[in-house]
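Structure record follows, encoded as structure tokens.
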Amino acid sequence: GLSAAWNQGAADTDSPWILFLNPDAEIWAGTLNGFVKAGEERPDVAVLGPVVRNADGTMYESGRVFPSIRQAVGHAFLGPFRPSNPFTRAYRQAGWDRLSEREVDWVSGSCMLVRRSAFEDVGRFDERFWLYAEELDLTTRLREAGWKVLYTPELEIVHEGAVSTGRSRRTHVMHSASIYRYYRKHRAAGWRRATLPLAWLALRARAELVSARDRVRSRTS
């Protein structure tokens, strides 16, 4: 899985900063020196995320909030079909142009610069996240430990997206399993443990709905 591979790569280096860059992404603008400098100037920051563009040049909305349960449900079921819904817009901070620096809850794992001391302090990537949501889990643990996450336009990348996995039903099911794992680990404390079966069913239903949407699109394209 991706988390295990990233941990192995990190273990083979000893630099104070670690750049995690997806194989289907490349640096488009800016420099790594400038990216690292932005982190060095903020000793309270553990993770930096760059501007992320899709392959067609459009802006990918990296730099998001940890959603409330209400936002998460609304985004999960409305986002794939009506991206302009208020839940998705709030979760993605859609009113922000992504060209200015901002502290955020988490950034896309397609490219992250991570402070090694913080990374080691919280136990690296959780390898139970085989694929998807590993960056969400890591930034959650870092923020709980008092660290901050920074989105900065000092670097810009282009991310092709879904090159390794495609957009199959299996991919959507894997994604739903990782989100469920995140919910169980970080959000299902106390009385919310009782919601775990419902959360599993809802996420699996979403995976099937999005798979059906993709099949319809492929037939009509």
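Rolled with a 1.4 Å probe across the full set of protein chains, the surface gives ASP137 an accessible area near 0 Å². Helix 2-11 and the long axis of the chain differ in direction by around 10°, with both axes built from C-alpha atoms.
Placing PHE125, PHE66 in order of accessible area, with the largest value first and a 1.4 Å probe, yields PHE66, PHE125.
Largest mean-square fluctuation among ALA46, ALA207, ALA94, in a Gaussian network model of the chain whose springs join Cα atoms under 10 Å apart, belongs to ALA94. Of the residues PHE87, PHE20, ranked by 1.4 Å probe accessible area with the largest first, the sequence reads PHE87, PHE20.
As a fraction of the 1.4 Å probe accessible area of the chain, surface on carbon and sulfur atoms comes out at 55 percent.
Only the Cβ atoms of Lys and Arg (+1) and of Asp and Glu (-1) were treated as charged; on that basis the dipole of the chain about its Cα centre amounts to roughly 1480 debye.
Shape class for segment 115-218: oblate, because the ratio a/c of the largest to smallest gyration tensor axis (alpha-carbon atoms, square roots of eigenvalues) is 1.5 or more and b/c is at least a/b.
Taking Cα atoms only, the orientation of helix 69-78 departs from the longest principal axis of the chain by about 70 degrees. What you get for segment 99-211, charging only the Cβ of Lys and Arg (+1) and of Asp and Glu (-1), is a dipole of about 720 debye around the Cα centre. When only alpha carbons of segment 1-53 are considered, Rg and Dmax amount to 12.3, 33 Å. Structure remark: mean-square fluctuation, Gaussian network model of the chain, C-alpha springs under 10 Å; the largest value among ARG98, ARG82, ARG187 belongs to ARG82. Of the residues SER117, HIS172, ALA133, the one whose Cα sits farthest towards the positive end of the charge dipole of segment 76-208 is HIS172 (charges of +1 on Lys and Arg Cβ, -1 on Asp and Glu Cβ, taken about the Cα centre). Springs between Cα atoms under 10 Å define the GNM used for the chain, and in it the highest mean-square fluctuation of GLU208, GLU120, GLU41 occurs at GLU41. Taking a ≥ b ≥ c as the square roots of the eigenvalues of the Cα gyration tensor of segment 105-162, is the shape rounded (a/c under 1.5), prolate (a/b larger than b/c) or oblate? It comes out oblate by the Cα gyration axes.
In terms of the Cα gyration tensor, with a ≥ b ≥ c the square roots of its eigenvalues, is segment 49-158 rounded because a/c is under 1.5, prolate because a/b exceeds b/c, or oblate? In terms of gyration-tensor shape, oblate.
Across the chain, the convex hull enclosing all Cα atoms gives 123 Å³ per residue.
The largest accessible area among THR13, THR140 belongs to the first residue in THR13, THR140, and the rest follow in falling order (1.4 Å probe, all chains). Ranking LEU203, ALA188, TYR91 by how far each Cα lies toward the positive end of the dipole of segment 87-221 (charges on Cβ) leaves LEU203 at the top. Most simply put, the chain has about 70% antiparallel DSSP beta bridges, counting only bridges with both residues inside it. Computed over segment 28-71, the Cα gyration tensor eigenvalues convert (square root of 5λ each) into semi-axes of 23, 20, 4 Å, ordered from largest to smallest. Helical runs (DSSP H, four residues minimum) scored at -39500 (n - 2.57) apiece and divided by the length of the chain put the mean residue ellipticity at 222 nm at -13000 deg cm²/dmol.
Each Lys or Arg adds one and each Asp or Glu subtracts one; over the other residues with Cβ under 11 Å from the Cβ of ASP121, this totals +3.
The values are calculated or read from the model by the stated rules, or taken from the named source; none is laboratory data. Computed from a prediction, not measured in an experiment: that's the story for all the values here. No Cβ is skipped: glycine too gets one built from the backbone with ideal geometry, and neighbour counts run over all protein chains shown. Each accessible area value is taken on the protein alone, full model and side chains, heavy atoms only, with ligands, DNA and RNA left out. Shrake-Rupley method; radii C 1.70, N 1.55, O 1.52, S 1.80 Å.
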